[in-house]
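The values are calculated or read from the model by the stated rules, or taken from the named source; none is laboratory data. Remember, it's a predicted structure, so these values are computed and weren't measured experimentally. Here Cβ is always computed from backbone atoms with ideal geometry, including for glycine, and neighbour counts include all displayed protein chains.
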Amino acid sequence: MDAQTRYRGKSYTTKEIDEIREVITGYPEKSRRFISQEICRRWSWRQQNGVLKDMICRGLLLQLEAQGLITLPPPRRIPPHLLSLRKRPAVIEVDQSPLAGKVSDLKPIELHQVRRTPLEKLYRSLIEQYHYLGYTQPVGEHLEYLAMAQGRVMAGVGWCSAPRHIGCRDQYLGWTKEQRVRNLSLVVINTRFLILPWVKVSHLASYLLGRIARRIAHDWQRVYHHEVVWLETFVDPACGFEGTCYKAANWSYLGKTTGRGKNDHTNQVNRSLKLVFGYPLRKDFREVLCGQ
């Protein structure tokens, strides 16, 4: 195959790059967004809910331009994903009086999926203010949850599309590269888990993990029109975390990351090694993830 470049695990040929050049030349007055969406339409790049894979295509175009293989039109505005220039979520104040006790003392605990709802702004605000990583806009499919009791918010939990390659996870699942490419959409990663600082409720974190595990497949199906069968997360021991709540919720420890990041080409460790935990949503998860 006449491979010219690789992006997100796929090789792109001279023919495909020529087709991209044809779109750019054919629409000289159009924006980068239009070009990206037109390529998605021509290549039938759509998520299972029918939405164009615009951001993935945009990343491919930027890589091709950086390699000198195409020339994109000038950007019409500063890309919103540049974290140094990102607009922070608006601060929303909530009741910060101490909330303590046992999970049983606070029931019923309401668990709200807030993606594409008015409560999404509250989720973003709390993650930005109180999570050590802050809030960043996920790329691709994602869901967000708020846990509430007695009319007060207690926790926020975020999930998004999984990284395409995690060595210890791939070895644990036993899938081939082709199976991983085909079925990666069935895997999601827990990117944010926040128990608000004034909430001191024993076993709340593992309780919420259990609640979410029982409903996230249904929620993903409703929003994105496909199921998910495997959950995973990273835990950073360099920040003092050991994954205690995941262990208590019966998640499996899979191993450690390589510390090199998803786009590394140097094979040099450039970030902390994370602990990787996983949790199946179906007993036949391996058959599904390794199947057709």
- Item | Some residue of region 214-224 being in contact (Cβ under 8 Å) with a residue 24 or more places away in the chain, outside any helix (DSSP H, G or I) and aromatic (Phe, Trp, Tyr) | no
- Task: Taking VAL114 as the residue in question, decide whether it is touching a helix residue (DSSP H, G or I) at 6+ places or on another chain (Cβ under 7 Å), without any contact (Cβ under 8 Å) to a residue 40 or more places away in the chain and surrounded by 13 or more Cβ atoms within 10 Å (Cβ to Cβ).
- Result: yes
- Taking into account only those residues within region 1-43 that are part of a strand (DSSP E or B) and of a type in the set (D, E, K, R), which is farthest from GLY68 (Cα to Cα)? LYS10
- Query: Looking only at region 218-231, which residues are touching a Leu at 6+ places or on another chain (Cβ under 8 Å) and either closer than 14 Å to ASN190 by Cβ or among the charged types (D, E, K, R) (or both)?
  - Reply: ASP219, TRP220, GLU227, VAL228, TRP230, LEU231
- Query: From the list GLY255, GLY240, which one is under 21 Å from ILE127 (Cα atoms) and not hydrophobic (A, V, I, L, M, F, W, C)?
  - Reply: GLY240
- Message: Just to check your reading of the model, which residue among GLN137, GLN171 is farther than 23 Å from TYR207 by Cα, at pLDDT 95 or above, of a type outside the set (A, V, I, L, M) and in the same structural domain as LYS102 (by TED's automatic domain parsing)?
- Response: GLN171
- Item | Check on TYR145, modelled with pLDDT of 95 or more and either touching a helix residue (DSSP H, G or I) at 6+ places or on another chain (Cβ under 8 Å) or on the phi > 0 side of the Ramachandran plot (or both) | yes
- Identify, please: which residue in region 44-67 is of a type in the set (D, E, K, R) and in a helix (DSSP H, G or I) and is, among those, farthest from the chain's Cα centre (by Cα)? GLU65
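Table: residues versus (1) surrounded by 13 or more Cβ atoms within 10 Å (Cβ to Cβ); (2) within 19 Å of ALA162 (Cα to Cα); (3) at pLDDT below 90; (4) not β-branched (Val, Ile, Thr).
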site	(1), (2), (3), (4)
TRP43	yes, no, no, yes
GLY68	no, no, yes, yes
PRO74	no, no, yes, yes
SER84	no, no, yes, yes
LYS102	no, no, no, yes
PRO108	no, no, no, yes
- Is it the case that some residue within region 49-66 is closer than 17 Å to ILE17 by Cα and surrounded by fewer than 13 Cβ atoms within 10 Å (Cβ to Cβ)? yes
